[in-house]
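The values are calculated or read from the model by the stated rules, or taken from the named source; none is laboratory data. Model, not experiment: these values are computed from the prediction. Cβ placement follows ideal geometry from the backbone for every residue including glycine, while neighbour counts extend to all protein chains displayed. Only protein heavy atoms, including side chains, enter the accessible area calculation; ligands, DNA and RNA are left aside. Shrake-Rupley method; radii C 1.70, N 1.55, O 1.52, S 1.80 Å.
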Amino acid sequence: HPDTDGPLRIEGYAYASKDHLVLLYTDSERVWRTNSKGYYYLLNLQDRSVRPIADRDAGFQMFAKFDPSASRVAFVRDRNVFIRDLNEDVEVAVTADGAPGTIINGTFDWVYEEEFGIRDGIAWSPDGNHLAFFQLDESATRNFHMADLRGQYPSMTTFRYPKAGEANSEVRIGLYDVATAETRWLDTGTWTAETEWEYVPRMGWTTNAAGESRVWVMRMNRDQNHLQLLWADPATGQLELILEE
(Lines give C-alpha, C1' and ligand atoms only; values in the text may rest on other atoms or scores of the structure.)
Protein backbone atom coordinates (compact mmCIF):
# COMPACT_ATOMS: atom_id res chain seq x y z
CA HIS A 1 0.00 0.00 0.00
CA PRO A 2 1.44 3.44 -0.90
CA ASP A 3 0.66 4.83 2.57
CA THR A 4 2.86 2.20 4.26
CA ASP A 5 6.16 0.40 3.62
CA GLY A 6 4.39 -2.66 2.24
CA PRO A 7 1.14 -4.63 2.48
CA LEU A 8 -1.13 -3.79 5.40
CA ARG A 9 -0.68 -6.20 8.30
CA ILE A 10 -4.24 -6.44 9.59
CA GLU A 11 -4.43 -6.53 13.40
CA GLY A 12 -8.17 -5.93 13.64
CA TYR A 13 -11.21 -5.21 11.51
CA ALA A 14 -14.82 -4.09 11.88
CA TYR A 15 -17.63 -4.22 9.32
CA ALA A 16 -19.99 -1.31 8.90
CA SER A 17 -23.77 -1.56 8.69
CA LYS A 18 -23.16 -1.41 4.94
CA ASP A 19 -21.44 -4.73 4.37
CA HIS A 20 -19.05 -3.45 1.71
CA LEU A 21 -17.22 -1.11 4.11
CA VAL A 22 -14.63 -2.40 6.58
CA LEU A 23 -12.32 -0.62 9.04
CA LEU A 24 -8.83 -2.14 9.14
CA TYR A 25 -6.45 -1.65 12.09
CA THR A 26 -2.67 -1.89 11.65
CA ASP A 27 0.81 -0.80 12.86
CA SER A 28 -0.27 -0.65 16.49
CA GLU A 29 1.78 0.27 19.54
CA ARG A 30 1.27 -0.29 23.23
CA VAL A 31 -0.49 2.11 25.59
CA TRP A 32 -0.16 0.95 29.20
CA ARG A 33 -1.14 -2.73 28.80
CA THR A 34 -2.48 -3.20 25.29
CA ASN A 35 -1.76 -2.08 21.74
CA SER A 36 -4.60 0.41 21.63
CA LYS A 37 -3.07 3.00 19.31
CA GLY A 38 -2.34 2.43 15.63
CA TYR A 39 -3.68 3.40 12.21
CA TYR A 40 -7.06 2.76 10.60
CA TYR A 41 -7.90 2.26 6.92
CA LEU A 42 -11.21 2.10 5.11
CA LEU A 43 -11.61 -0.91 2.83
CA ASN A 44 -14.36 -0.75 0.18
CA LEU A 45 -15.14 -4.30 -0.92
CA GLN A 46 -17.07 -3.09 -3.97
CA ASP A 47 -14.24 -1.24 -5.71
CA ARG A 48 -11.39 -2.91 -3.71
CA SER A 49 -10.05 0.49 -2.65
CA VAL A 50 -8.16 1.13 0.60
CA ARG A 51 -7.67 4.60 2.06
CA PRO A 52 -6.59 5.98 5.44
CA ILE A 53 -9.23 7.56 7.68
CA ALA A 54 -6.71 10.27 8.61
CA ASP A 55 -3.21 11.46 7.83
CA ARG A 56 -0.65 9.16 9.46
CA ASP A 57 1.69 12.10 10.00
CA ALA A 58 -0.89 13.63 12.37
CA GLY A 59 -0.35 10.79 14.86
CA PHE A 60 -1.71 7.50 16.08
CA GLN A 61 -5.46 6.87 16.06
CA MET A 62 -7.47 5.01 18.70
CA PHE A 63 -10.87 3.28 18.92
CA ALA A 64 -12.10 4.20 15.42
CA LYS A 65 -15.72 3.18 14.82
CA PHE A 66 -18.43 3.70 12.19
CA ASP A 67 -21.58 5.59 12.98
CA PRO A 68 -24.79 3.55 12.37
CA SER A 69 -25.16 4.88 8.81
CA ALA A 70 -21.50 4.14 7.95
CA SER A 71 -21.12 7.71 6.70
CA ARG A 72 -18.78 8.84 9.50
CA VAL A 73 -15.94 7.41 11.57
CA ALA A 74 -15.13 8.68 15.07
CA PHE A 75 -11.69 8.20 16.58
CA VAL A 76 -9.29 9.54 19.22
CA ARG A 77 -5.89 11.12 18.49
CA ASP A 78 -3.53 12.90 20.89
CA ARG A 79 -6.16 13.09 23.65
CA ASN A 80 -8.76 14.62 21.36
CA VAL A 81 -11.86 13.25 19.62
CA PHE A 82 -12.38 13.55 15.86
CA ILE A 83 -15.04 12.60 13.31
CA ARG A 84 -14.23 11.80 9.68
CA ASP A 85 -17.08 12.45 7.27
CA LEU A 86 -16.58 9.73 4.67
CA ASN A 87 -18.89 11.29 2.10
CA GLU A 88 -17.38 14.77 2.24
CA ASP A 89 -13.88 13.49 3.10
CA VAL A 90 -13.60 16.09 5.88
CA GLU A 91 -12.17 15.72 9.38
CA VAL A 92 -13.96 17.54 12.20
CA ALA A 93 -12.44 18.12 15.64
CA VAL A 94 -14.98 17.33 18.37
CA THR A 95 -12.51 18.53 21.03
CA ALA A 96 -9.35 20.61 20.87
CA ASP A 97 -8.27 20.98 24.51
CA GLY A 98 -6.57 17.61 25.02
CA ALA A 99 -2.96 17.93 26.23
CA PRO A 100 -0.44 15.98 28.35
CA GLY A 101 -0.85 16.58 32.07
CA THR A 102 -4.23 18.27 31.72
CA ILE A 103 -7.22 17.18 29.60
CA ILE A 104 -7.87 13.70 28.18
CA ASN A 105 -10.75 13.23 25.72
CA GLY A 106 -12.08 9.89 24.52
CA THR A 107 -9.68 7.71 26.49
CA PHE A 108 -8.36 7.40 30.05
CA ASP A 109 -5.58 7.87 32.55
CA TRP A 110 -3.66 5.06 34.23
CA VAL A 111 -6.16 4.81 37.11
CA TYR A 112 -9.19 4.05 34.94
CA GLU A 113 -7.39 1.32 33.02
CA GLU A 114 -6.03 -0.17 36.26
CA GLU A 115 -9.18 0.07 38.40
CA PHE A 116 -11.93 -0.39 35.79
CA GLY A 117 -10.25 -2.00 32.77
CA ILE A 118 -11.60 0.67 30.43
CA ARG A 119 -9.74 2.20 27.47
CA ASP A 120 -12.28 3.12 24.77
CA GLY A 121 -14.09 6.33 25.74
CA ILE A 122 -16.33 7.14 22.75
CA ALA A 123 -19.78 5.78 21.77
CA TRP A 124 -22.19 6.62 18.92
CA SER A 125 -25.90 6.93 19.63
CA PRO A 126 -28.08 4.36 17.80
CA ASP A 127 -29.42 7.08 15.48
CA GLY A 128 -25.95 8.51 14.81
CA ASN A 129 -26.99 12.01 15.86
CA HIS A 130 -24.75 12.16 18.94
CA LEU A 131 -21.33 10.98 20.00
CA ALA A 132 -20.84 10.47 23.73
CA PHE A 133 -17.31 10.69 25.08
CA PHE A 134 -15.37 10.76 28.34
CA GLN A 135 -13.33 13.77 29.39
CA LEU A 136 -10.79 13.65 32.22
CA ASP A 137 -8.76 16.44 33.80
CA GLU A 138 -5.59 15.05 35.40
CA SER A 139 -4.00 18.43 36.20
CA ALA A 140 -4.47 17.92 39.97
CA THR A 141 -2.65 14.56 39.94
CA ARG A 142 1.09 14.22 40.52
CA ASN A 143 3.90 12.81 38.39
CA PHE A 144 5.54 9.50 39.21
CA HIS A 145 9.13 8.94 38.02
CA MET A 146 10.25 5.39 37.30
CA ALA A 147 13.63 4.11 36.08
CA ASP A 148 13.69 1.55 33.27
CA LEU A 149 16.74 -0.64 34.04
CA ARG A 150 16.43 -3.08 31.13
CA GLY A 151 18.99 -1.38 28.85
CA GLN A 152 22.72 -0.86 29.29
CA TYR A 153 21.92 2.53 30.75
CA PRO A 154 18.70 3.27 32.67
CA SER A 155 16.10 5.64 31.24
CA MET A 156 13.42 7.59 33.07
CA THR A 157 9.68 7.28 32.49
CA THR A 158 7.32 9.86 33.96
CA PHE A 159 3.55 9.55 34.12
CA ARG A 160 0.62 10.76 36.21
CA TYR A 161 0.00 8.35 39.08
CA PRO A 162 -2.20 9.25 42.06
CA LYS A 163 -1.11 7.53 45.25
CA ALA A 164 -3.76 6.22 47.64
CA GLY A 165 -5.72 9.10 49.14
CA GLU A 166 -4.40 11.71 46.70
CA ALA A 167 -6.36 13.58 44.06
CA ASN A 168 -7.76 11.60 41.14
CA SER A 169 -8.60 12.98 37.71
CA GLU A 170 -11.90 14.79 37.39
CA VAL A 171 -14.27 13.03 34.98
CA ARG A 172 -17.41 13.88 33.01
CA ILE A 173 -19.38 12.82 29.93
CA GLY A 174 -19.86 15.03 26.88
CA LEU A 175 -22.62 14.60 24.28
CA TYR A 176 -21.58 15.96 20.90
CA ASP A 177 -24.44 16.92 18.58
CA VAL A 178 -23.36 16.14 15.01
CA ALA A 179 -25.86 18.57 13.44
CA THR A 180 -25.00 21.60 15.58
CA ALA A 181 -21.34 20.72 16.38
CA GLU A 182 -22.06 21.59 20.02
CA THR A 183 -21.24 19.58 23.16
CA ARG A 184 -23.53 19.23 26.17
CA TRP A 185 -21.91 18.12 29.45
CA LEU A 186 -23.81 15.82 31.79
CA ASP A 187 -24.07 16.99 35.40
CA THR A 188 -22.82 13.79 37.05
CA GLY A 189 -21.39 15.62 40.07
CA THR A 190 -17.91 14.29 39.27
CA TRP A 191 -16.38 17.42 37.72
CA THR A 192 -14.94 20.08 40.06
CA ALA A 193 -17.77 19.39 42.48
CA GLU A 194 -17.71 18.60 46.20
CA THR A 195 -19.87 15.47 46.15
CA GLU A 196 -19.38 11.85 47.11
CA TRP A 197 -19.18 10.85 43.44
CA GLU A 198 -15.62 10.17 42.32
CA TYR A 199 -15.71 7.82 39.32
CA VAL A 200 -17.64 7.27 36.10
CA PRO A 201 -16.53 3.71 35.27
CA ARG A 202 -18.94 3.02 32.39
CA MET A 203 -21.28 4.71 29.92
CA GLY A 204 -23.16 3.75 26.77
CA TRP A 205 -26.48 4.04 24.95
CA THR A 206 -29.80 2.29 25.40
CA THR A 207 -31.33 0.60 22.36
CA ASN A 208 -33.44 2.73 20.06
CA ALA A 209 -37.01 2.13 21.24
CA ALA A 210 -39.93 4.12 19.82
CA GLY A 211 -37.48 6.39 18.05
CA GLU A 212 -35.60 7.37 21.22
CA SER A 213 -32.46 6.26 23.00
CA ARG A 214 -30.80 7.48 26.19
CA VAL A 215 -27.19 7.68 27.20
CA TRP A 216 -26.62 5.65 30.38
CA VAL A 217 -23.94 6.46 32.93
CA MET A 218 -22.64 4.66 36.01
CA ARG A 219 -21.12 6.74 38.81
CA MET A 220 -19.40 5.54 41.99
CA ASN A 221 -17.90 6.91 45.17
CA ARG A 222 -14.19 6.56 45.93
CA ASP A 223 -14.70 3.53 48.19
CA GLN A 224 -16.46 1.86 45.24
CA ASN A 225 -19.32 0.60 47.42
CA HIS A 226 -22.07 2.97 46.24
CA LEU A 227 -23.18 2.88 42.59
CA GLN A 228 -25.89 4.69 40.66
CA LEU A 229 -27.08 3.98 37.13
CA LEU A 230 -28.38 7.13 35.44
CA TRP A 231 -30.13 7.83 32.15
CA ALA A 232 -29.82 11.11 30.27
CA ASP A 233 -32.00 12.53 27.54
CA PRO A 234 -29.52 13.69 24.85
CA ALA A 235 -31.81 16.62 23.97
CA THR A 236 -31.69 18.10 27.48
CA GLY A 237 -28.87 16.32 29.31
CA GLN A 238 -31.19 15.87 32.28
CA LEU A 239 -30.26 12.85 34.41
CA GLU A 240 -32.71 10.31 35.82
CA LEU A 241 -31.84 7.74 38.50
CA ILE A 242 -32.64 4.22 37.28
CA LEU A 243 -30.84 1.89 39.71
CA GLU A 244 -28.90 2.23 42.95
CA GLU A 245 -26.77 -0.28 44.82
If you go through S125, S71, the only one that is in contact with a Pro (Cβ under 9 Å, 6 or more places away or on another chain) and closer than 16 Å to V178 by Cβ is S125
For segment 18-34, how many residues are open to solvent by 80 Å² or more (accessible area, probe 1.4 Å) and either outside any loop (DSSP other than H, G, I, E, B) or among the polar types (S, T, N, Q) (or both)?
2
Pick from segment 1-17, criterion out of contact with any Gly (no Cβ under 9 Å at 6 or more places or on another chain) and modelled with pLDDT of 90 or more, ranking: surrounded by the most Cβ atoms within 10 Å (Cβ to Cβ):
A16
Looking at (1) in a strand (DSSP E or B); (2) under 21 Å from the mean Cα position of the chain (by Cα); (3) surrounded by 14 or more Cβ atoms within 10 Å (Cβ to Cβ), which one does G204 not meet, given that it meets all the others?
(3)
Hey, does segment 217-231 have a residue that's more than 30 Å from D85 (Cβ to Cβ), open to solvent by 30 Å² or more (accessible area, probe 1.4 Å), assigned to a loop (DSSP other than H, G, I, E, B) and charged (D, E, K, R)?
yes
Matching residues in segment 63-101 - criterion: being touching a strand residue (DSSP E or B) at 6+ places or on another chain (Cβ under 7 Å) and open to solvent by 50 Å² or more (accessible area, probe 1.4 Å)
P68, R72, R79, E91, V92, A93, A96, D97
Meets criteria (open to solvent by 60 Å² or more (accessible area, probe 1.4 Å), closer than 23 Å to A209 by Cβ and either among the acidic types (D, E) or out of contact with any His (no Cβ under 9 Å at 6 or more places or on another chain) (or both)) for N143:
no
